[in-house]
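Reviewing the structure listed below.
The values are calculated or read from the model by the stated rules, or taken from the named source; none is laboratory data. Please read all numbers here as calculations on a predicted model, not as lab measurements. Quick reminder, even Gly has a Cβ in these numbers, built from the backbone with ideal geometry, and neighbours come from all protein chains shown.
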Amino acid sequence: MMVLAVVNIMFASCSDEGIAGKTKILNKVEGKDGIELAQSTVSITADAGMQLPDVSKPIDPTIEPTSRAVSLNEKYMPLAEGSELKARVFIVKEPDKPRKKIGWSDAIDPKDIILGAGELEWDIQQTMPGGGVRLYSTKEVTFHWLKGNNKVNIKKGENWYICGIIGGEYNKEYDEARNNTKLKEAERKLAERLYHFYVDFDPNHSPKHNTIDSKGHIQVTAPFTTGWTKLDIKEDNKISLHQWNFKPMGTLLHFRIKRDEKLVPLEACRYTFASSQLTANGGFLMMPQTMIRTKDDDLKEDYTAGVDCEIRPWNNSIEGNFFWNYVYDMRPHFNNTSTQTGYEESKHANDWGPAIYEYRYTFDANAMRKNNKTGYDDFYVWGMPVPHTEQVGTSQMTAERGGFMLGCKQKKGKKYDYANEWLYAAKERELKSGEYNIFDFKQKPGKAFLVELGVCRPRYSTMEGGKLKYPWANPLERLAVTNSRTESKGFHGDNLQHTNEKEVGYVSDWSVKGGQFKMRFIKKDRSYLPEGYHVPSSEDFGICFPNIIKSIYEIKLYKDLFKYSDINSAPNPYYELYSPNEDDTREPISDAGGNDAYREDKFWQTRPLFYGYYMHNPNNPLEFYAIRFCGDNKEASKIENRNRSIIGNRYRCVYRWRVLDAGGDNNLSSDNRGMRIVVQSRWIGHANVSVKDIIDERWWGQCSTQNPLYKADCYRVLPAVGYPYSISKKIWSITFFTRVHNKYYVGQGIRDDESGNNTMYYRVYNREGITRKFWLNNTQHYGVRLVTDISTDEFGPLAPRKNQKDEKEGYLIHRPEDDGKSDWTYPVKKK
């Protein structure tokens with residue numbers, strides 16, 4: 001009998017191939033001897049159509065509408081040629097016995113079920129004008145029956161339901177298991193059933209998902225389904241269908257990303273979609289879930305996760321038959337240093353809180369689009385609504401390892417063409433940082449959306465009081481690239497060591513003593529201070545080094561030596577002090593004594609507080625790391641009368657510090673290129689980066705100008721300059737002045753010139769740790785490193801990366817541990 005279908009498609013189904021899913025094969029199965037299922041042949045006459053998804057305007061209301069339907073239809077839509085549009089077909093008999101309450105609602109009792117699975121093939125596939133596809137078939141369908149030893153006849157007058165699915169894969173793992181003679185027969189038979197009755201939609205199991213066919217069309221793994229349709233059987237073993245409509249399920253997101261290869265070359269363009277709203281980790285289980293999940297604990301976990309895949313043909317929709325492999329979407333917290341999986345961590349809820357569920361898919365532009373010269377990366381993400389979790393559902397698209405932002409396309413005439421992370425939440429989150437747009441994909445099923453993003457440096461477009469509210473997303477970018485000259489205005493051209501053990505550290509144009517420093521760089525005339533820069537306050541030093549406070553109830557910085565070895569690794573965070581949107585350039589600022597208006601901590605009680613999660617290099621005590629500026633501070637936000645703003649993760653960065661040539665016998669920190677500290681930061685925003693990632697050398701890549709993320713990362717080299725014995729005569733240190741006085745005196749015959757009020761604090765770093773110190777009257781000479789004003793345009797001519805250059809940077813950022821390594825490939829995380 002001829003099988004006829006007229007199908008209009010918006011996005012393609014892929015071939016029935018793939019890698020294993022993760023549905024468990026458990027326990028004994030009923031049925032005849034051997035693993036083969038009973039079969040019978042049925043003639044089907046079908047007149048079918050595939051309904052287009054509702055193509056919506058872009059989600060982001062700031063983006064101007066574009067001609068999405070034409071673009072998707074003509075430029076990206078996989079058409080008949082090159083597509084495989086086989087339909088998986090399922091047929092079930094309405095039972096004579098009453099329905100049984102299973103899971104959340106009534107279903108067919110698995111003991112009574114008569115259920116078959118087949119495949120509907122097409123003889124002709126013809127593309128129609130406008131992109132539709134017309135399908136014809138004269139083939140009969142062979143059904144494999146879930147239960148029973150004999151073939152099943154479909155008889156006139158019986159009540160049957162049928163469901164068709166286009167798209168998805170046969171699960172390769174089940175295929176291998178059913179043919180593995182080393183397994184028990186019951187296991188093989190269950191695998192045989194799952195092979196026929198499970199349609200896999202995990203894109204990582206689909207070899208064609210987001211690939212380009214010979215005609216240049218992108219192929220996508222996404223489902224179209226008819227749902228359950230009641231049949232009118234007029235002849236035995238013959239089915240006649242009219243207006244059998246295949247409708248899209250779930251949500252399709254079409255991402256169009258404009259590259260910036262001056263900033264990030266194609267080889268580093270990896271983009272990660274992460275969502276607790278949508279997931280493609282699973283497939284449609286078209287057989288009773290209770291036949292395979294027979295353990296009470298398993299079913300309880302499934303139901304808690306909202307997974308209830310029984311057969312309920314009186315409901316047209318098969319959304320409930322999407323078997324979410326939630327165990328593989330369970331994620332450990334990013335600060336978990338153990339080897340626990342997310343599922344294992346969830347068993348310790350008292351330690352970690354509710355489980356985290358998040359589907360992740362990474363698109364590797366270089367691997368999928370080799371030699372792409374268009375300047376754009378187009379790809380698709382499809383997902384079904386996450387059935388149920390305790391968390392607020394969110395969705396995001398980020399750079400896989402951070403470094404650059406995938407900014408949202410802005411309206412014409414705005415300051416930036418692309419800015420702000422693409423972040424969406426189903427509802428307002430507990431801490432209202434304002435980062436998330438509110439949008440619930442569950443309320444918009446069967447829709448396709450265009451999302452236009454661009455590779456750019458991290459930046460935010462929000463304005464407040466006529467200026468950017470969140471400038472300088474990577475705070476280290478504010479630090480001058482090189483030291484300031486001390487006997488003229490301007491910056492040096494390199495960061496080589498310039499020390500002098502004698503003459504109290506004087507090095508011409510490189511070092512200066514306290515009184516001179518104050519008059520040249522802080523007092524009103526500031527004759528040596530370049531435009532747009534200032535001497536850093538204690539808060540400002542947080543941009544380049546740990547700025548750890550004692551507690552949220554005692555906002556004080558440590559003054560004693562804070563040894564690197566005493567910094568505890570994650571999971572517990574430290575609180576750090578940094579003001580991302582307001583400079584403190586008062587003159588004077590005093591740590592002790594004097595007028596209350598001069599107090600250093602005058603504004604600290606209302607400054608944002610950030611979490612910092614630290615880790616140590618297990619092989620080198622002089623290298624350590626941190627995920628810093630995490631602004632979701634639940635504890636700090638609960639302290640009364642503080643009025644602290646919640647910054648969110650806008651400034652979230654990863655830092656790596658390395659102390660080099662500082663003495664001692666550590667070969668991994670010696671290269672005879674001068675005593676220095678190399679600070680490297682990488683903005684990550686909301687990217688899924690864990691504390692275990694940041695101690696992986698491949699995550700960073702080679703510390704070299706050859707690193708594909710070199711221009712996206714920020715490097716600052718802090719050389720030893722001036723007097724090296726600022727702590728003691730036993731150990732060399734690197735020292736920089738701050739703008740903070742130890743004490744500031746008014747009157748009492750003390751002059752405010754070079755000779756008075758010249759005891760300034762400085763920051764000291766050596767191979768042991770960090771400290772804040774001062775010496776009365778500051779007769780020793782130290783270096784000066786400035787920071788740019790927050791009000792300075794990060795993309796303007798005064799920004800450090802624009803108007804300064806370290807001619808020796810490639811030489812000085814050298815990391816001895818990198819020597820001899822050749823494979824820097826960071827593997828794409830498939831899950």
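Structure data summary
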| quantity | calculated |
| --- | --- |
| Scope region 508-532; condition under 22 Å from R676 (Cα atoms) and part of a loop (DSSP other than H, G, I, E, B); matching residues | S508, D509, W510, S511, K513 |
| Where Y558 falls short, out of the listed (1) farther than 27 Å from D661 by Cβ; (2) surrounded by fewer than 17 Cβ atoms within 10 Å (Cβ to Cβ); (3) within 35 Å of the chain's Cα centre (by Cα); (4) among the hydroxyl-bearing types (S, T, Y) | (1) |
| Test: residue in region 257-276 that is out of contact with any Pro (no Cβ under 8 Å at 6 or more places or on another chain), of a type in the set (S, T, N, Q) and part of a helix (DSSP H, G or I) | no |
| Residues (touching a residue at least 12 places away in the same chain (Cβ under 8 Å), part of a helix (DSSP H, G or I) and of a type in the set (A, V, I, L, M, F, W, C)) located in region 333-356 | W352 |
| Residue match in region 200-211 (condition: free of Cβ contacts under 8 Å to residues at least 60 places away in the same chain and surrounded by fewer than 22 Cβ atoms within 10 Å (Cβ to Cβ)) | no |
| Residue, surrounded by the most Cβ atoms within 10 Å (Cβ to Cβ), within region 122-146, restricted to residues that are modelled with pLDDT under 65 and in a loop (DSSP other than H, G, I, E, B) | G131 |
| Residue satisfying all of: in region 637-648; assigned to a loop (DSSP other than H, G, I, E, B) and surrounded by fewer than 21 Cβ atoms within 10 Å (Cβ to Cβ); modelled with the lowest pLDDT among these | N641 |
| Residues being at pLDDT below 75 and either buried (at least 17 other Cβ atoms within 10 Å of the Cβ) or among the basic types (K, R) (or both) - total across region 28-42 | 5 |
| Out of I555, I543, sole residue that is modelled with pLDDT under 95, touching a strand residue (DSSP E or B) at 6+ places or on another chain (Cβ under 6 Å) and within 30 Å of E635 (Cα to Cα) | I555 |
| Long-range neighbours under 6 Å by Cβ, at least six apart or interchain, first residue touching a residue at least 60 places away in the same chain (Cβ under 8 Å) and more than 30 Å from E344 (Cβ to Cβ) within region 315-327, second surrounded by 17 or more Cβ atoms within 10 Å (Cβ to Cβ) and small (G, A, S) | N316/G227; S317/G227; I318/G227 |
| Enumeration of residues in region 415-433 that are modelled with pLDDT of 90 or more and touching a Ser or Thr at 6+ places or on another chain (Cβ under 9 Å) | K415, Y416, A419, N420, E421, W422, L423, Y424, A425, A426 |
| Within region 784-824, tally of residues that are among the β-branched types (V, I, T) and more than 17 Å from N474 (Cβ to Cβ) | 1 |
| Close pairs from region 478-499: first without any contact (Cβ under 8 Å) to a residue 60 or more places away in the chain and over 24 Å from S579 (Cβ atoms), partner surrounded by 21 or more Cβ atoms within 10 Å (Cβ to Cβ) and aliphatic (A, V, I, L, M), Cβ under 9 Å, at least 6 apart | R485/V784; E487/V512 |
| Check on K634, in contact with a Leu (Cβ under 7 Å, 6 or more places away or on another chain) and either of a type in the set (D, E, K, R) or surrounded by fewer than 17 Cβ atoms within 10 Å (Cβ to Cβ) (or both) | yes |
| Condition check for E503: within 28 Å of the chain's Cα centre (by Cα) and either of a type outside the set (V, I, T) or closer than 23 Å to G532 by Cβ (or both) | no |
| Qualifying residue in region 679-687 (condition: in contact with a strand residue (DSSP E or B) (Cβ under 9 Å, 6 or more places away or on another chain), farther than 30 Å from E464 by Cβ, in contact (Cβ under 8 Å) with a residue 12 or more places away in the chain and of a type in the set (A, V, I, L, M, F, W, C)) | no |
| Residues being assigned to a loop (DSSP other than H, G, I, E, B) and surrounded by 17 or more Cβ atoms within 10 Å (Cβ to Cβ) - total across region 156-199 | 5 |
| Answer from T226, T251 - the residue that is within 37 Å of the chain's Cα centre (by Cα), closer than 25 Å to I162 by Cβ, of a type outside the set (F, W, Y) and surrounded by 19 or more Cβ atoms within 10 Å (Cβ to Cβ) | T226 |
| Residues satisfying the stated conditions in region 228-260, i.e. among the small types (G, A, S) and out of contact with any helix residue (DSSP H, G or I) (no Cβ under 9 Å at 6 or more places or on another chain) | S240 |
| Tally, over region 600-610, of residues that are buried (at least 17 other Cβ atoms within 10 Å of the Cβ) and either more than 30 Å from the chain's Cα centre (by Cα) or modelled with pLDDT of 95 or more (or both) | 2 |
| Those strands (runs of 3 or more DSSP E) lying entirely in region 561-628 with at least 3 residues of a type in the set (A, V, I, L, M, F, W, C), in contact (Cβ under 8 Å) with a residue 60 or more places away in the chain and farther than 16 Å from Y651 by Cα | none |
| Yes/no for K729 being modelled with pLDDT under 95, basic (K, R) and under 23 Å from D583 (Cα atoms) | no |
| Among the residues listed as S537, S565, S527, S508, the single one being over 18 Å from K805 (Cβ atoms), small (G, A, S), surrounded by fewer than 20 Cβ atoms within 10 Å (Cβ to Cβ) and under 43 Å from the mean Cα position of the chain (by Cα) | S565 |
| Residue identified as within 28 Å of N315 (Cα to Cα), of a type in the set (S, T, N, Q), at pLDDT below 95 and part of a loop (DSSP other than H, G, I, E, B) among N153, N149 | N153 |
| Hits in region 667-722 (condition: surrounded by 17 or more Cβ atoms within 10 Å (Cβ to Cβ), among the polar types (S, T, N, Q) and part of a loop (DSSP other than H, G, I, E, B)) | N688, S690, Q702, N707 |
| Tally, over region 467-507, of residues that are part of a strand (DSSP E or B) and touching a Pro at 6+ places or on another chain (Cβ under 8 Å) | 5 |
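Residue-by-condition table, conditions (1) at pLDDT 95 or above; (2) of a type in the set (A, V, I, L, M, F, W, C); (3) closer than 20 Å to I102 by Cβ; (4) crowded, with 18+ Cβ neighbours inside 10 Å:
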residue: T272; (1), (2), (3), (4): yes, no, no, yes
residue: S276; (1), (2), (3), (4): yes, no, no, yes
residue: G282; (1), (2), (3), (4): yes, no, yes, yes
residue: D296; (1), (2), (3), (4): no, no, yes, no
residue: A305; (1), (2), (3), (4): no, yes, yes, yes
residue: I318; (1), (2), (3), (4): yes, yes, yes, yes
residue: W324; (1), (2), (3), (4): yes, yes, yes, yes
residue: S346; (1), (2), (3), (4): no, no, no, yes
residue: D351; (1), (2), (3), (4): no, no, no, no
